[in-house]
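> Shown below is the structure under consideration.
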Amino acid sequence: MKQIGEVIREHNLQLATDNPVVRGGFTQVPNFILKDPNLSLGAKVAYSMFLSYAWHNDSCFPGQDRLAEDMGMSRSRVTEFVGELERAGLIAITRRGQGKTNLYTVHFQVKPTGDKSPRSRRADI
């Protein structure tokens, strides 16, 4: 699977606009994340933030203080949502130690739950 940064370089996308909203970038969130009834709203926002950080850098390692500031939440709430994403298998956390921020790997995967209804299956990306 190609990394996001590699895909961007291949497409050489250029935006011909002075609109500050468009120039600031945007983040696409997979529908299986948005529609997952087992994920809290905060976990969905945290997943979106990881995608936003990784979009231009191939990987992301924001500190929890940065996440909290960008999400407008306390650090303890962000820690809770990040843990939820990790337990759901949507991110992997590599602790780098010695005062460094963690490295987060964002997963795009099919992960069936116990319920076999269509709403319970994550879509393959």
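The values are calculated or read from the model by the stated rules, or taken from the named source; none is laboratory data. Being a predicted model, the structure only gives us computed values, none of them experimental. Every residue, glycine among them, receives a Cβ derived from its backbone with ideal geometry; neighbour counts consider all protein chains shown.
> Hey, among Phe108, Phe81, which residue is surrounded by 11 or more Cβ atoms within 10 Å (Cβ to Cβ), modelled with pLDDT of 85 or more and of a type in the set (Phe, Trp, Tyr)? So that I can check it myself, show each step before the final result.
Values: Phe108 fails: modelled with pLDDT of 85 or more.
The match here is Phe81.
> What residue, among those in the range 21-47 that are hydrophobic (A, V, I, L, M, F, W, C) and over 12 Å from the mean Cα position of the chain (by Cα), is surrounded by the most Cβ atoms within 10 Å (Cβ to Cβ)? Walk me through it before giving the result.
Taking the range 21-47 first, the residues hydrophobic (A, V, I, L, M, F, W, C) are 21-22, 26, 29, 32-34, 39, 41, 43, 45-46.
Imposing the further condition that a residue be over 12 Å from the mean Cα position of the chain (by Cα) reduces the set to 21-22, 26, 32, 39, 41.
Details: Val21: 8, Val22: 11, Phe26: 9, Phe32: 18, Leu39: 20, Leu41: 8.
Of everything passing the filter in the range 21-47, Leu39 is surrounded by the most Cβ atoms within 10 Å (Cβ to Cβ).
> Which residue out of Phe81, Phe50 is in a helix (DSSP H, G or I), under 13 Å from the mean Cα position of the chain (by Cα), more than 19 Å from Gly24 (Cβ to Cβ) and aromatic (Phe, Trp, Tyr)?
Phe81
> Taking the residues in the range 68-78 that are more than 15 Å from the chain's Cα centre (by Cα) and part of a helix (DSSP H, G or I) as candidates, determine which candidate is farthest from Ser40 (Cα to Cα).
Glu69
> Among the residues of the range 95-102, are any at pLDDT below 90 and either surrounded by 15 or more Cβ atoms within 10 Å (Cβ to Cβ) or under 14 Å from Val29 (Cβ atoms) (or both)? Spell out how you get there, then give the answer.
Filtering the range 95-102 for residues at pLDDT below 90 gives 95-102.
Add one more test, that the residue is either surrounded by 15 or more Cβ atoms within 10 Å (Cβ to Cβ) or under 14 Å from Val29 (Cβ atoms) (or both), and what stays is 101-102.
The answer is yes; a qualifying residue exists.
> Something else about it: Is it the case that Ala88 is modelled with pLDDT of 85 or more, in contact with a helix residue (DSSP H, G or I) (Cβ under 8 Å, 6 or more places away or on another chain) and closer than 14 Å to Pro37 by Cα? Don't jump to the end; show me each part of the working.
Numbers: modelled with pLDDT of 85 or more: yes; in contact with a helix residue (DSSP H, G or I) (Cβ under 8 Å, 6 or more places away or on another chain): yes; closer than 14 Å to Pro37 by Cα: yes.
The answer is yes for Ala88.
> Any residue in the range 80-94 that is within 9 Å of His107 (Cβ to Cβ) sitting within a Cβ distance under 6 Å of a residue that is in a loop (DSSP other than H, G, I, E, B)? List the pairs, counting only those 6 or more apart or interchain.
Note: pairs meeting the criteria are Gly89/Lys111; Leu90/His107.
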